[in-house]
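The values are calculated or read from the model by the stated rules, or taken from the named source; none is laboratory data. Small disclaimer: the values here were computed from a predicted structure and weren't measured. When we count neighbours, we look across all protein chains shown, and the Cβ atoms used for this are built from the backbone with ideal geometry, even at glycine.
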Amino acid sequence: MSVLGIDEITYGVEDLASCQRFFSDWGLTLVSEQADEVIFETLNGCRVILADINKAGLPPAIESGSTVREVVWGVECSDDLQRYAERIARDPGFVEGDGRIGCTDPNGLAIRFQVSKKRDIDIACTPTNTWNVKGRINQASPVYDRAIPIEVGHVVFFVRDVLACEAFYNARFDFRASDRYPNRGAFMRTADEGGHHDLFMLQLPDGRIGLNHVAFTVRDIHEVFGGGMHISRCGWTTEIGPGRHPVSSAFFWYFKNPAGALVEYYTDEDQLTGEWQPRDFEPGPTVFAEWAIAGGIDGNTRRQKNIDAPQGKFLTDKPKN
């Protein structure tokens, strides 16, 4: 019995047209479009729903303005769904029907569970050559013009009580702790075996709650770069990146999102098993990023933003005067 990951994210947004343009640039596939709701999909069928902030039936927001209103998690089978329903039947906001169960988590967020609708897909990925493993022979690494995200890989929230939230997701849905900021942050994965985290919750000193970011998995570091530079060319703003997280080992690039907070392209996170023992970290800039580029890379010059592009055909060209 296990949760397989995120199946669907719903945003309530103030500017639907701008958000639709952003996620189209981000690389998602448009599924349907209505006056008050737009639905996108990733490659494996994970859905991103953009709903007008005043649309009837949206779950309550945990913060003002545009933000995530609901997270839907996918499970393996209907038996799993029934077991989870029994565990949460007395929790606040319990709902059941139309193939879904759900409740409200300790942070006030609407969460739902369904038998996963994501598709199994076969994606060609280019191997990496290390010193002792040569996985790529007579083959160049790709250069991407843009990213096409595979799935929504994880979501990150600011929470009032991280210990209560971690205990809730573990007891109700068997989420596992991967690493922690003691009494401040919890990285959790949905099962013993899987990527480093599907959910990260961070408790701020001022007690503020809300969305931090939604992260989209891509094939490799080259797609992080190509996707990020495409978003830059489209005129959207980098928050920070590209860079690399020491905690999960993942490469990242964060952008400001008109639908709320930030979005991230990421790849190459640690894969864990039940033998993994959670580590404790003291939060800080060097724990967040081993390295990162402030302001991002400009998609036209292919250099750090606000840095002049080379003037000659070769980097060794010198100005003639």
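Within the set of pairs 6+ apart or on separate chains, which have a first residue in segment 84-106 that is in contact (Cβ under 8 Å) with a residue 12 or more places away in the chain, a second that is of a type in the set (Ser, Thr, Tyr), and C-beta atoms under 8 Å apart?
That search, which allows pairs on different chains as well, returns Asp91/Thr104; Pro92/Thr104; Gly93/Thr104; Ile101/Tyr84; Asp105/Tyr169.
State whether one or more residues within segment 198-211 are surrounded by fewer than 16 Cβ atoms within 10 Å (Cβ to Cβ), of a type in the set (A, V, I, L, M, F, W, C) and over 30 Å from Arg302 (Cα atoms). It would help to see each step written out before you state the result.
Residues of segment 198-211 that are surrounded by fewer than 16 Cβ atoms within 10 Å (Cβ to Cβ), as a first pass: 204-208.
In the following step, the residues that additionally are of a type in the set (A, V, I, L, M, F, W, C) were identified as 204.
After this cut, where a residue has to be over 30 Å from Arg302 (Cα atoms) as well, the list is 204.
Yes, that holds for at least one residue.
What tally of residues in segment 256-265 results from selecting those that are of a type outside the set (Val, Ile, Thr) and touching a residue at least 60 places away in the same chain (Cβ under 8 Å)? Explain how you work it out, then say what you get.
Here is the first cut: in segment 256-265, the ones of a type outside the set (Val, Ile, Thr) are 256-262, 264-265.
With the extra rule that they be touching a residue at least 60 places away in the same chain (Cβ under 8 Å), the set shrinks to 257-261, 265.
Qualifying residue count for the region: 6.
Among the candidates Val159, Val155, Val218, single out the residue that is touching a residue at least 60 places away in the same chain (Cβ under 8 Å), of a type in the set (Val, Ile, Thr) and touching a helix residue (DSSP H, G or I) at 6+ places or on another chain (Cβ under 9 Å). First the steps, then the outcome.
Working: Val159 fails: touching a residue at least 60 places away in the same chain (Cβ under 8 Å); Val155 fails: touching a helix residue (DSSP H, G or I) at 6+ places or on another chain (Cβ under 9 Å).
Just one listed residue meets the conditions, Val218.
Of all residues in segment 16-52 being of a type in the set (S, T, N, Q) and part of a helix (DSSP H, G or I), which is surrounded by the most Cβ atoms within 10 Å (Cβ to Cβ)?
Narrowing segment 16-52 to residues of a type in the set (S, T, N, Q): 18, 20, 24, 29, 32, 34, 42, 44.
Okay, now just the ones that are also part of a helix (DSSP H, G or I), so 18, 20, 24.
Working: Ser18: 13, Gln20: 19, Ser24: 14.
Going through the qualifying residues, I end up with Gln20.
Of the residues Ala177, Ala186, Ala191, Ala289, only one is closer than 19 Å to Arg160 by Cα, modelled with pLDDT of 95 or more, surrounded by fewer than 23 Cβ atoms within 10 Å (Cβ to Cβ) and of a type in the set (Gly, Ala, Ser); which?
Just a single option satisfies the conditions, and that option is Ala177.
Exactly one of these conditions fails for Tyr144: (1) in contact with a strand residue (DSSP E or B) (Cβ under 8 Å, 6 or more places away or on another chain); (2) surrounded by 17 or more Cβ atoms within 10 Å (Cβ to Cβ); (3) in contact (Cβ under 8 Å) with a residue 40 or more places away in the chain. Give me its number.
For Tyr144, the failing item is (1).
Kindly evaluate Val133 against the criterion of being within 30 Å of Arg87 (Cβ to Cβ), among the β-branched types (Val, Ile, Thr) and either surrounded by fewer than 14 Cβ atoms within 10 Å (Cβ to Cβ) or modelled with pLDDT of 95 or more (or both).
Working: within 30 Å of Arg87 (Cβ to Cβ): no; among the β-branched types (Val, Ile, Thr): yes; either surrounded by fewer than 14 Cβ atoms within 10 Å (Cβ to Cβ) or modelled with pLDDT of 95 or more (or both): yes.
Answer is no for this residue.
Here is a list of conditions, (1) assigned to a loop (DSSP other than H, G, I, E, B); (2) within 30 Å of Ile209 (Cα to Cα), and Ile111 meets all of them except one; can you say which number that is?
The single condition Ile111 does not satisfy is (1).
Hey, does segment 53-72 have a residue that's assigned to a strand (DSSP E or B), of a type in the set (Gly, Ala, Ser) and at pLDDT 95 or above?
First pass over segment 53-72, keeping only residues assigned to a strand (DSSP E or B): 67-72.
Still in the running and of a type in the set (Gly, Ala, Ser): none.
No, segment 53-72 contains no residue that is assigned to a strand (DSSP E or B), of a type in the set (Gly, Ala, Ser) and at pLDDT 95 or above.
In segment 39-54, what residues are closer than 20 Å to Ser66 by Cβ and among the acidic types (Asp, Glu)?
Asp52
Can you tell me which residue among Phe216, Phe200 is in contact with a Pro (Cβ under 6 Å, 6 or more places away or on another chain) and closer than 25 Å to Glu76 by Cβ? Give the derivation first.
On the way: Phe200 fails: in contact with a Pro (Cβ under 6 Å, 6 or more places away or on another chain).
Residue meeting the stated conditions: Phe216.
Any residue at all in segment 83-98 that is modelled with pLDDT of 95 or more, under 30 Å from Ile123 (Cβ atoms) and within 21 Å of the chain's Cα centre (by Cα)?
no
Looking at segment 266-284, I want the residues that are modelled with pLDDT under 95 and in a loop (DSSP other than H, G, I, E, B) and have a partner that is surrounded by fewer than 16 Cβ atoms within 10 Å (Cβ to Cβ) and not polar (S, T, N, Q) with Cβ atoms under 9 Å, at least 6 apart or on another chain. Which pairs are those?
Going by the 9 Å Cβ cut-off, the qualifying pairs are Glu282/Pro182.
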